[in-house]
Amino acid sequence: MGQPDSSTSTLDDFLLHCAELVFIASEDGALLRRSGALTHTLSAELLGAPSRAGLAPLVHPDDRRSFDEAWGRLRAAAEPMVVDLRLKTADGSFKFFQCTARWVPEKEEVYGTLRDAEERIKHEIQLKLLKAINDHLPVCLWAIDKRGVFVLHDGKGLQAAGLRPGQFLGLNLFEIYPEEGTAVLRKALAGEMSYFVNEIDGVHWEAWYLPIQNERGDVTHVAGVTLDITASKRTEQELRAKLQLIERQQQVIRSLSTPIIQVWDRVLTLPLVGMFDSIRAADVMEGVLREVVRTQARYAILDLTGIEAMDTETVNHLLKLSGAIKLLGAEGIITGIHPAIAQTIVGLGVDLSSIETRSTLRQGLEHCIRRMGREAR
């Protein structure tokens, strides 16, 4: 009986106990040998399928084309193939690996390794995102060590502050800015994250100070993110100014639409025209009560001749207004109720017996004059 090949036995032991993901493959990609670690890490179901044995069935569909093209160039390549790709793992998920492989002519085989590239890919993506933010947004990105020395100073937003990227690198922040302006930063060095908005030379900044800690919880650096929000602040101020102008205009319109007229000594009249809703009713109440006190009026006539419709809430406002006028020592009189409004009031079961009503404004004025004449005797 022949003796076992010692080199084969050594290779078997190596592959069995190797902690790395290594493989030997044929030119067409079939896996001839593989380490136990690779078998344990990748999908055993696909690796063990004889008709599909190889890495290709494990490759994510979106990466398959680039993998096939790289493998196809492998035999003629002078340098090893290095490609990042997602492979299906034992738990059924896809994970990034760096595949390094070389064609070995004397063996007519491919020797290769797989290395976990998940963290590296994630880190590269984060760096790309950070660079995109840094290059295209009006933001300043900076960081200092625990002594206050700048280790990062970059960002498109520096231009608005009249600074250049990298201008403060190696300089101590506490030597550049006065002590009273660094109180928030000192809190960040003590481990407290800070957020604030301020204005410097007409430029509005929104800033975050973020303490960076090591595994023991000690603050080693402070990162700063400062965003130029001048444009949005300007827009906000313009919008606020427009809203204030609209409010003033609406106030003028409300004043013009609800004129309170002193038609006789201690007699006020308020001719209402157009839409009369709850909002306008509240404005009317405020204006009438103010004028009753100012003029020491004895009567306040609410003329509804120009109002053709009124909802339940507005009717209740009128009742409250009449009661408030009475509390001020005056009498509220309603004139010119439209037939449709009268039907609404009756249908709602609202009791107006406590309120003096007249069909026209003239009759309301005559009522006031007669009452004042009797009171004068």
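Values as computed for the structure displayed
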{"read-out": "Index of the failed condition, Met310 passing every other in (1) within 19 Å of Ile260 (Cβ to Cβ); (2) touching a Phe, Trp or Tyr at 6+ places or on another chain (Cβ under 7 Å)", "value": "(1)"}
{"read-out": "Pair list, Cβ < 6 Å and 6+ apart or interchain, from the stretch 145-158 residues that are on the phi > 0 side of the Ramachandran plot to residues that are hydrophobic (A, V, I, L, M, F, W, C)", "value": "Gly148/Leu173; Gly148/Phe174; Gly155/Val139; Gly155/Cys140; Gly155/Leu141"}
{"read-out": "Members of the stretch 97-126 that are within 18 Å of Leu87 (Cβ to Cβ) and either in contact with a Pro (Cβ under 7 Å, 6 or more places away or on another chain) or among the polar types (S, T, N, Q) (or both)", "value": "Gln98, Thr100, Ala101, Thr113"}
{"read-out": "The stretch 35-54, subset over 48 Å from the mean Cα position of the chain (by Cα) and either surrounded by 12 or more Cβ atoms within 10 Å (Cβ to Cβ) or small (Gly, Ala, Ser) (or both), residue modelled with the lowest pLDDT", "value": "Ser51"}
{"read-out": "Filter result (in contact (Cβ under 8 Å) with a residue 12 or more places away in the chain and open to solvent by 50 Å² or more (accessible area, probe 1.4 Å)) within the stretch 163-172", "value": "Pro165, Gln167, Leu169, Gly170, Leu171"}
{"read-out": "Residue within the stretch 235-246 that is open to solvent by less than 70 Å² (accessible area, probe 1.4 Å) and either modelled with pLDDT under 85 or touching a Gly at 6+ places or on another chain (Cβ under 6 Å) (or both) present", "value": "no"}
{"read-out": "Those residues of the stretch 55-104 which are in contact with a Lys or Arg (Cβ under 6 Å, 6 or more places away or on another chain) and either open to solvent by 60 Å² or more (accessible area, probe 1.4 Å) or part of a strand (DSSP E or B) (or both), in sequence order", "value": "Thr89, Phe94, Phe96, Gln98, Trp103"}
{"read-out": "Residue that is modelled with the highest pLDDT [pool: residues in the stretch 194-233 that are exposed (fewer than 12 other Cβ atoms within 10 Å of the Cβ), closer than 22 Å to Gly157 by Cβ and not acidic (Asp, Glu)]", "value": "Tyr195"}
{"read-out": "Residue list for the stretch 328-377, filter: modelled with pLDDT of 85 or more and among the hydroxyl-bearing types (Ser, Thr, Tyr)", "value": "Thr335, Thr357, Ser359, Thr360"}
{"read-out": "Selection count where residues are under 16 Å from Thr226 (Cβ atoms) and open to solvent by less than 70 Å² (accessible area, probe 1.4 Å), scope the stretch 142-162", "value": "12"}
{"read-out": "Test: residue in the stretch 173-191 that is hydroxyl-bearing (Ser, Thr, Tyr) and open to solvent by 90 Å² or more (accessible area, probe 1.4 Å)", "value": "yes"}
{"read-out": "Test set (1) touching a residue at least 24 places away in the same chain (Cβ under 8 Å); (2) open to solvent by less than 90 Å² (accessible area, probe 1.4 Å) - Arg115 fails condition number", "value": "(2)"}
{"read-out": "Failed item, numbered, when Gln250 is tested on (1) open to solvent by 40 Å² or more (accessible area, probe 1.4 Å); (2) at pLDDT 80 or above", "value": "(2)"}
{"read-out": "Evaluation of Thr335 against (1) under 16 Å from Arg266 (Cβ atoms); (2) β-branched (Val, Ile, Thr); (3) in contact with a Leu (Cβ under 6 Å, 6 or more places away or on another chain) (one fails), failing number", "value": "(1)"}
{"read-out": "Pairs where the first residue, in the stretch 347-371, is more than 20 Å from Gly323 (Cα to Cα) and of a type in the set (Phe, Trp, Tyr) and the second is part of a helix (DSSP H, G or I) and open to solvent by 80 Å² or more (accessible area, probe 1.4 Å), C-beta under 8 Å, 6+ apart", "value": "none"}
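The values are calculated or read from the model by the stated rules, or taken from the named source; none is laboratory data. Predicted model, so just to flag it, every value in this text is computed and none were measured. Using ideal geometry, Cβ is built from the backbone for each residue, glycine included, and neighbour counts are taken over all protein chains shown. Side chains included, ligands, DNA and RNA excluded: accessible areas come from the protein's heavy atoms. Shrake-Rupley method; radii C 1.70, N 1.55, O 1.52, S 1.80 Å.
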